[in-house]
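I have placed the structure first, in the form of C-alpha cells, so that the comments after it can refer back to it.
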Amino acid sequence: MAFPVLRRGGTAVAENSAENVRERAVEAALARLDLDTRARLLAGRDMWSLPGLPAIGLRPLVMSDGPIGVRGVRWTADDPSVALPSPTALAASWDPALARRAGRLLAQEARRKGVHVLLAPTVNLHRSPLGGRHFEAYSEDPFLTGEIGTGYVLGVQDGGVGTTVKHFVANDAETDRFTVDNRITPRALREVYLAPFEAIVENARPWGVMTAYNQVNGVTMTEHRHLVNEVLRGEWGFDGVNVSDWMAARSTRGCVEGGLDLAMPGPHTVYGEALAAAVRAGEVEESAVAAAVRNVLRLAARVGALESAPPAVTELPAPLDGVALAREIAVRGLVLVRNEKEALPLAAHGTVALSGAAARDARVLGGGSAQVFPDCVVSPLDGLAAALPEGALTFAVGADPGDELAAAGQGFTLRAICRDADGTVLGEGTLPNGQVQWIGDDLPVGVTHEELASVEVVGTFTPRETGEHAFGTRGLGAFVLTVAGRTVFEGVQAMGTESDPFEAYFGAPVERAAVGLVAGETVEVSLLHPLDEEFAPPLPAVMFSFVHLGPRRDPCELIAEAVEAARAADTAVVVVATTERVESEGFDREHLALPGHQDDLVRAVAAANPNTVVVVNAGSPVEMPWREEVAAILLAWFPGQEGGTALAEVLSGAAEPGGRLPTTWPVALAGVPVSEVIPSEGALRYTEGVFIGYRAWDRSGAAPAYAFGHGLGYTTWSYDSLEVTGDTARVRITNTGDRAGREVVQVYLAPLYDTAGRPARRLAGFASVEAEAGGSVEIVVRLPRRAFEVWDEERSAWTTIPGTYEVRAAHALDDTRLTATLEVRDPA
Ligand code: BGC
C-alpha cells in the first residue's frame with residue numbers, strides 16, 4: 001500500500017491571495033514599531049489583553065478561557081456564558097463534526113464578548129485518572145484527541161476567532177505543575193504526547209498554542225527551543241502565536257530563545273522593558289523580537305484586529321442556538337455503560353424515585369480556569385420534573401457529597417461594598433454568589449486597585465432548612481464575619497504549604513462559625529475583608545469567598561428516606577457526583593472513590609429496587625464498587641448547562657445515549673496500569689513509554705470495568721462487511737433494531753508480529769453514523785500513515801514498519817465485529 005504525502009503547515013499561497021495581502025500588512029505594521037513598543041506588545045497589557053497600538057491600527061487583542069465556554073474578561077456570574085459539556089463529554093461523542101459546531105458556537109460567544117482568542121482546546125492526555133484536569137482534556141488516545149481537537153479548532157477559527165492549543169506539552173497532571181520535570185522518551189513524546197498537537201497543526205492550522213508550566217526533559221516548556229522552534233515551527237510549519245501559560249514565563253533570554261512570543265498576563269512580565277533592555281545589552285537578538293511581534297501581528301490580522309489587513313474570515317457561519325447545542329452535545333456525550341434487562345429507556349407510565357444531592361444542585365462543569373457562568377442551569381431534578389407526568393417523580397437527597405462549604409449561593413442576596421482607607425465608599429459590585437474574583441481592571445465602577453482598602457460582602461440569607469448553618473471564608477488575609485447582627489469570626493488566614501500560587505485563593509474553604517437558623521427566616525450577613533499587601537495575590541486582583549454549608553444531616557437518615565421512596569417507585573434513579581474539591585485545576589486527585597456516603601446510598605437503593613439506574617456526574621473515572629448490583633449506569637460527565645434536559649431525554653427514550661468511552665474506566669485505582677502523578681525529587685518519570693490508556697491495559701492483561709470505546713445505545717447493529725484496500729477501510733453496518741440509532745464504528749489496527757515494541761493495537765480511524773431501523777450505511781475510514789509508523793530514536797525520524805496488520809472493525813475495543821488483514825511493504 002502507498003500513502004499520500006502528508007501536507008505540512010505553511011502551504012504556498014498565490015501572490016494576491018488574502019493571506020499574502022495580510023502578510024504584507026503585517027510586515028508594514030512591524031516596520032513602523034520601535035524596539036520599546038515591540039517589547040511592550042509582547043508583555044501584554046493586563047490579565048487578558050495586549051496593548052492596542054492606534055498608530056498602526058492595532059486594536060487591543062483580547063483572550064479568554066476556554067474550553068467549554070467563553071468566560072470573557074470578567075470572572076463573575078453576572079457576565080454569563082453558554083456552558084457546554086466538559087471536553088470528556090465532547091470527546092465521548094467521537095464526532096469531530098460536532099466538535100466543529102461546538103467551536104463555531106464558541107466563536108459566536110467570543111465575538112459577543114469582544115474576545116479575539118480562545119484559550120483552548122486542552123489536548124493533553126488522560127495519562128492517569130488522578131489528573132486534576134482530566135475532565136478538561138479529551139481522551140487517553142492521541143488519535144481521538146487529535147481528531148476532536150481538529151474539529152474544535154476548525155470551528156472556532158471558522159468564526160474568525162483564534163485558538164491556543166494547550167498546554168504544549170505533557171501537562172498531564174497538576175502536582176507541582178509549575179516546576180515538575182516530566183521525563184519522557186523521544187519516542188513516547190512523538191507517538192503519544194506530541195501527536196495530538198501535530199495532527200491539529202497539520203489539519204486545522206491553529207493560530208496559536210499555549211506553552212505549559214512544566215518542564216520536559218529538564219527544560220521548561222516556555223523555553224523549549226527544541227520542541228517549539230525545531231519541532232512545532234520547524235518540522236510542522238506552525239505559523240501562529242506561542243503564548244505562555246499564565247505566569248509561566250520566567251526568563252527573558254530563555255523565553256526569547258525558546259520561541260515564546262507572548263508572556264502573559266501583563267504588563268509586568270519577563271518581556272516589556274526587560275526585553276528591550278536585554279536587546280540593548282546584546283543578550284537577545286533584535287531579530288528574535290521582530291519574529292515574535294510578526295507572529296502576534298499575524299494573529300491580530302487573522303482575527304480582524306489589525307485595520308490594514310483583511311481578516312481570515314469575512315463571512316461568518318450561520319448563527320447557532322447555544323442552549324440547543326449544549327443539550328445536543330450532552331445527549332451525544334452520555335455513555336450508557338450498563339443496561340441489564342433493558343432497564344432503559346424508562347417504561348412509559350412508570351414512577352421514578354430520584355435521589356442524590358447532585359440531582360438537585362447539579363455539577364455542570366469542572367473547576368479552575370475552565371469555569372464559566374451560565375445564566376441558567378437545568379438540573380436532573382428540573383429536567384425529569386419537566387419530562388415526566390405530574391405525580392410520577394419524587395426526590396430525596398439520599399447523600400450529599402458536598403460536605404465542604406461552598407460559595408454562598410442558594411438563598412443569599414449579596415453585594416460587595418468597596419471602600420478606601422478612610423472608609424469612604426468608592427463603589428459597589430453586584431455579586432451573584434459569595435465569590436469575589438476581580439482580576440486586573442475588572443473592578444466595580446469607580447474602584448481602582450490603588451485606592452481600594454477593603455471589600456465587604458453584605459446582604460441577606462433566607463435558609464431553606466432549619467438547623468446549624470456553617471459560614472466561612474476562602475482566601476488569604478483578614479476577615480470579619482457577621483451573621484444576624486453578631487460577629488462570629490474575626491481573624492487572619494495566612495498562606496499554608498501550597499506550592500501553587502492560585503491554590504490559596506481557589507483551594508480549601510475554612511469553616512469559621514456555625515449558627516442555628518430557621519427555614520424561611522431571613523437574616524443579615526456580612527463578610528468584611530480589609531486588603532493587605534502581605535496577602536496580595538501574585539497579580540492585581542481581589543480574590544476571596546464568603547462560603548456556606550447548610551445543616552449536616554445524619555447520613556443514615558438521608559439514605560433511609562431515599563430507600564423508602566425507591567421501594568415505592570417503578571424505577572430508582574440515583575445521581576452520584578464528584579465535588580469541586582475532588583476534580584479541579586490546581587491539584588490532582590488522591591483516589592477514585594466517590595466522596596461521602598454515595599456508594600452506601602447506591603447499594604441501599606439497589607437493594608430496595610431492582611430497577612436502579614445510576615447517573616455518574618463526574619468529569620473523569622470514579623470507582624463504582626456496586627456496578628454489578630444496579631440495572632443501568634449512565635456516565636454523564638460534567639454535562640453543561642442543559643445536562644438535566646439531556647438526561648431526561650435519554651432516560652425517557654426520547655433520545656439515544658450517543659457516547660462511547662474516550663478513556664478506559666477502571667474497576668479500582670489499584671488496578672490502573674499508569675496512575676502516578678506525584679513527582680519524586682522534582683521529576684515525574686513517564687517510565688511506561690508509549691503504553692498509556694488501553695495500550696497499557698492490553699500490555700498488563702488486566703480487565704478494566706469498561707473498555708475504551710464502550711457504550712450502548714437503544715438499538716442493535718450488525719456489521720456486514722469490511723473491505724480493506726490500500727489505506728482505506730470500508731465497513732458496512734445495518735441497524736437491526738426497531739428504532740433509529742447512531743453507531744460509532746471504530747477501526748483498530750493490530751500488528752500481527754511485532755518487533756518494534758508497539759502496543760498490541762491502536763485506534764486508526766472511526767466514524768459516527770446514523771441509520772433508521774433496518775437501514776444500512778457504508779463507512780469509509782482512511783488509515784493514517786502514522787498508524788504504521790514508529791519514531792526511530794536513533795535516526796530521529798519516523799519509520800514505517802512493514803508486515804502484516806489485522807484491521808478490526810469494532811463496536812468497542814473489546815467488541816471486534818469483523819477483521820481483515822493488510823500487508824504493508826517495506827517503503828525502501
Ligand atoms: C491555566 C490555563 C489558562 C490560564 C488562564 C492557567 O492557570 O493553566 O489553562 O488558560 O490559566 O486562565
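The values are calculated or read from the model by the stated rules, or taken from the named source; none is laboratory data. Worth saying up front: this structure is predicted, and the values here are computed from it rather than measured. Cβ coordinates were reconstructed from backbone atoms using ideal geometry, including for glycine residues, and neighbour counts include every protein chain displayed.
Note on region 222-237: residues that are under 14 Å from HIS167 (Cβ atoms) and surrounded by fewer than 15 Cβ atoms within 10 Å (Cβ to Cβ) total 0.
Counting the residues of region 566-585 that are under 23 Å from PHE135 (Cα atoms) and either surrounded by fewer than 20 Cβ atoms within 10 Å (Cβ to Cβ) or away from the ligand (no atom under 16 Å from the Cβ) (or both) gives 9. Scanning region 646-680 for residues that are buried (at least 24 other Cβ atoms within 10 Å of the Cβ) and among the β-branched types (Val, Ile, Thr) yields VAL650, THR663, THR664. On inspection, ARG699 passes the criterion of being out of contact with any helix residue (DSSP H, G or I) (no Cβ under 9 Å at 6 or more places or on another chain), in contact (Cβ under 8 Å) with a residue 24 or more places away in the chain and among the charged types (D, E, K, R). Between residues in region 584-612 that are outside the structural domain of ALA508 (by TED's automatic domain parsing) and residues that are within 16 Å of the ligand (Cβ to nearest atom) and β-branched (Val, Ile, Thr), which pairs lie under 7 Å by C-beta distance while being six or more apart or on different chains? Between residues of region 584-612 that are outside the structural domain of ALA508 (by TED's automatic domain parsing) and residues that are within 16 Å of the ligand (Cβ to nearest atom) and β-branched (Val, Ile, Thr), the close pairs are ASP588/THR175; ASP588/VAL677. Quick one: which residue in SER768, SER675 is outside any loop (DSSP other than H, G, I, E, B) and within 24 Å of the chain's Cα centre (by Cα)? Of SER768, SER675, the one residue that is outside any loop (DSSP other than H, G, I, E, B) and within 24 Å of the chain's Cα centre (by Cα) is SER768.
Any residue at all in region 615-627 that's assigned to a loop (DSSP other than H, G, I, E, B), among the basic types (Lys, Arg), in contact (Cβ under 8 Å) with a residue 24 or more places away in the chain and within 24 Å of ALA326 (Cβ to Cβ)?
The answer is no; no qualifying residue exists.
Could you tell me whether region 539-551 includes any residue that is buried (at least 23 other Cβ atoms within 10 Å of the Cβ), assigned to a helix (DSSP H, G or I) and under 28 Å from the mean Cα position of the chain (by Cα)?
Step one: of region 539-551, the residues buried (at least 23 other Cβ atoms within 10 Å of the Cβ) are 542, 544-548.
Filter once more, keeping what is assigned to a helix (DSSP H, G or I): none.
Looking through region 539-551, none of the residues is buried (at least 23 other Cβ atoms within 10 Å of the Cβ), assigned to a helix (DSSP H, G or I) and under 28 Å from the mean Cα position of the chain (by Cα).
Summed over region 187-219, the residues that are surrounded by fewer than 24 Cβ atoms within 10 Å (Cβ to Cβ) and within 16 Å of the ligand (Cβ to nearest atom) give a count of 2. Considering only region 102-118, I want to know if a residue exists there that is within 15 Å of the ligand (Cβ to nearest atom), assigned to a strand (DSSP E or B) and of a type in the set (Val, Ile, Thr). Yes - at least one qualifying residue is present in region 102-118. Residue count for region 223-271, restricted to those that are within 16 Å of the ligand (Cβ to nearest atom) and in contact with a His (Cβ under 7 Å, 6 or more places away or on another chain): 1. Scanning for something within 15 Å of the ligand (Cβ to nearest atom), outside any loop (DSSP other than H, G, I, E, B) and either modelled with pLDDT of 95 or more or acidic (Asp, Glu) (or both), does region 73-86 turn up at least one residue? Within region 73-86, not a single residue is within 15 Å of the ligand (Cβ to nearest atom), outside any loop (DSSP other than H, G, I, E, B) and either modelled with pLDDT of 95 or more or acidic (Asp, Glu) (or both).
Of the residues making up region 35-50, those that are crowded, with 20+ Cβ neighbours inside 10 Å and closer than 17 Å to ALA290 by Cα are ARG38, ALA39, ARG40, LEU41, LEU42, ALA43, GLY44, LEU50.
Here is the figure for region 786-798: residues that are surrounded by fewer than 16 Cβ atoms within 10 Å (Cβ to Cβ) and outside any loop (DSSP other than H, G, I, E, B) total 3.
Among residues of region 358-373 being crowded, with 24+ Cβ neighbours inside 10 Å and away from the ligand (no atom under 16 Å from the Cβ), the one that is farthest from the chain's Cα centre (by Cα) is ALA359. Restricting to region 247-285, name every residue that is assigned to a loop (DSSP other than H, G, I, E, B), buried (at least 17 other Cβ atoms within 10 Å of the Cβ) and among the acidic types (Asp, Glu). Result: ASP261, single match. Is it fair to say GLY737 is in contact with a Ser or Thr (Cβ under 6 Å, 6 or more places away or on another chain) and surrounded by 14 or more Cβ atoms within 10 Å (Cβ to Cβ)? Here the answer is yes, as GLY737 does meet what is asked. For region 187-208, a residue qualifies if it is under 30 Å from VAL313 (Cα atoms) and either among the aliphatic types (A, V, I, L, M) or in a strand (DSSP E or B) (or both), and the qualifying residues are LEU194, ALA195, ALA199, ILE200, VAL201, ALA204, GLY208.
Out of ARG758, ARG808, one residue alone is part of a loop (DSSP other than H, G, I, E, B) and under 30 Å from LEU712 (Cα atoms). It is ARG758. Considering only region 151-186, state which residues are within 16 Å of the ligand (Cβ to nearest atom), more than 16 Å from MET63 (Cβ to Cβ), not in a strand (DSSP E or B) and not hydroxyl-bearing (Ser, Thr, Tyr). Residues satisfying the conditions are VAL169, ALA170, ASN171, ASP172, ALA173, GLU174, ASP176, ARG177, PHE178, VAL180.
Please tell me if GLY237 is under 22 Å from GLN157 (Cβ atoms) and touching a Leu at 6+ places or on another chain (Cβ under 9 Å). For GLY237, the condition - under 22 Å from GLN157 (Cβ atoms) and touching a Leu at 6+ places or on another chain (Cβ under 9 Å) - is not met. Between ALA77, ALA110, the distinction of being hydrophobic (A, V, I, L, M, F, W, C), crowded, with 24+ Cβ neighbours inside 10 Å and not assigned by TED's automatic domain parsing to the domain that holds PRO374 belongs to ALA110 only.
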